[in-house]
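The values are calculated or read from the model by the stated rules, or taken from the named source; none is laboratory data. Note that this is a predicted model, so its numbers are computed, not measured. As a convention, Cβ positions derive from the backbone with ideal geometry for all residues, glycine included, and neighbour counts pool all protein chains shown. Accessible surface areas use protein heavy atoms only, side chains included; no ligands, DNA or RNA. Shrake-Rupley method; radii C 1.70, N 1.55, O 1.52, S 1.80 Å.
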Amino acid sequence: NVTGTSIISIPHNTPDAWEMNTLKLKIEDILGHGEFGVVRRGWYLTDKGCYTQVAIKMLKDSPTREEQKQFHQEIEIMKSVPPHPQLVSLIGCVSRGQPMLVVEYCSKGDLQSYLRSAYRKVTKAILINNSIESSGSANYALNTLYDMNKDDLEDVPEPKDLISFARQVAIGMEYLASLKVIHRDLATRNILVFDNKTVKISDFGLSRDVYYNDIYFKSGGGKLPIRWMAPESMTRQIYTTQSDVWSFGILLWEIVTLGSTPYPGIATHDILGLLTSGNRMSKPEDCSEALYSIMTKCWKDEPSARPSFLEIRQSLDELLETHS
Ligand code: ADE
């Protein structure tokens, strides 16, 4: 009578629990384009007999062998990471025929578009407000502003929501780092907005295929997210949790500026030179010293001098306390 341990042998022909029946999947319009494929809206018929909304990632037509290999790798990484509230959850996958990666649907889309839309609404509200002030009796403007308050301003995040988004990303990254998963493309375009208060990290399965002492050396080509990359990733192709921290600093800058593109007015090929001569992006307008100080710590030359995601989360906790 053996207690304590049990050896479970899984037969080779056991169906993969993540494998989905394509007959239960309805595929609809395109939600977005990635480097290798598209993400479509869809519905999945659950065991309870009701349809749940999903997002389906597929490769573009006629993918290369390398793209197919990377996509299967992405699926395997997603399967291997246990669920977390700040990570987009895997719902299932289709491995045969046209491969598909099915994840939970985040109704507000990606954080970059969400922030840019908020920026447009805020700018419009300010313009209308100014026209009311300058014309005095602008009935039309008043009505427009009233309509805007009702409809458009609904999804505009407040400063404390923005800090909370950053804090949630730091929590998700703390979790990924604890699993030794390096994201490599941390940016607001890869964060999804679940509802107006919750954000989740997406595309974390795209990372790494070669590990060496927690360091990932990118082997293949492909387009690189230069504006989000740490200097050591640009010059020596070194990717670590510390280079993810650098990208987090850039992501924080994107959040504070409501979706601006980093290093505005600077050409991509000038960025590395600018950084190696000690320059960094300046403090955005309306950004507190405390928040800017987190950014600049993330952008330290020496990777080990950058804060950990735990430390970043703690700093953001303190900032949130002062906001409530
Ligand atoms: N765009 C890309 N992935 C998405 C998702 N999971 N939900 C909503 N929009 C998306």
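Summary of computed values
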read-out: Hits in the stretch 267-322 (condition: touching a residue at least 40 places away in the same chain (Cβ under 8 Å), farther than 27 Å from Thr235 by Cβ and either of a type in the set (D, E, K, R) or open to solvent by 90 Å² or more (accessible area, probe 1.4 Å) (or both)); value: Arg313, Asp317
read-out: Candidate set: the stretch 31-66, residues that are among the β-branched types (Val, Ile, Thr) and more than 14 Å from Glu104 (Cβ to Cβ); chosen: the one modelled with the highest pLDDT; value: Val38
read-out: Single residue of the stretch 59-96 satisfying the filter (assigned to a loop (DSSP other than H, G, I, E, B) and touching a Lys or Arg at 6+ places or on another chain (Cβ under 7 Å)) that is nearest to the ligand (Cβ to nearest atom); value: Val88
read-out: Residue match in the stretch 2-15 (condition: within 27 Å of the chain's Cα centre (by Cα) and either among the aromatic types (Phe, Trp, Tyr) or modelled with pLDDT under 95 (or both)); value: no
read-out: Inter-residue pairs, beta-carbon under 6 Å, first polar (S, T, N, Q) and in the stretch 87-111, second more than 10 Å from the ligand (Cβ to nearest atom), 6+ apart; value: Ser89/Pro83
read-out: Filtered residues of the stretch 97-134 (kept if more than 15 Å from the ligand (Cβ to nearest atom), part of a loop (DSSP other than H, G, I, E, B) and open to solvent by 40 Å² or more (accessible area, probe 1.4 Å)); value: Gly97, Gln98
read-out: Any hit, the stretch 241-254, residues being open to solvent by less than 20 Å² (accessible area, probe 1.4 Å), of a type outside the set (Phe, Trp, Tyr), in a loop (DSSP other than H, G, I, E, B) and in contact with a helix residue (DSSP H, G or I) (Cβ under 9 Å, 6 or more places away or on another chain); value: no
read-out: Single residue of Leu90, Leu45 found to be under 20 Å from the mean Cα position of the chain (by Cα) and among the hydrophobic types (A, V, I, L, M, F, W, C); value: Leu90
read-out: Residue list for the stretch 169-195, restricted to those being more than 25 Å from Lys124 (Cβ to Cβ), in a helix (DSSP H, G or I) and within 16 Å of the ligand (Cβ to nearest atom); value: Val169, Gly172, Asn190
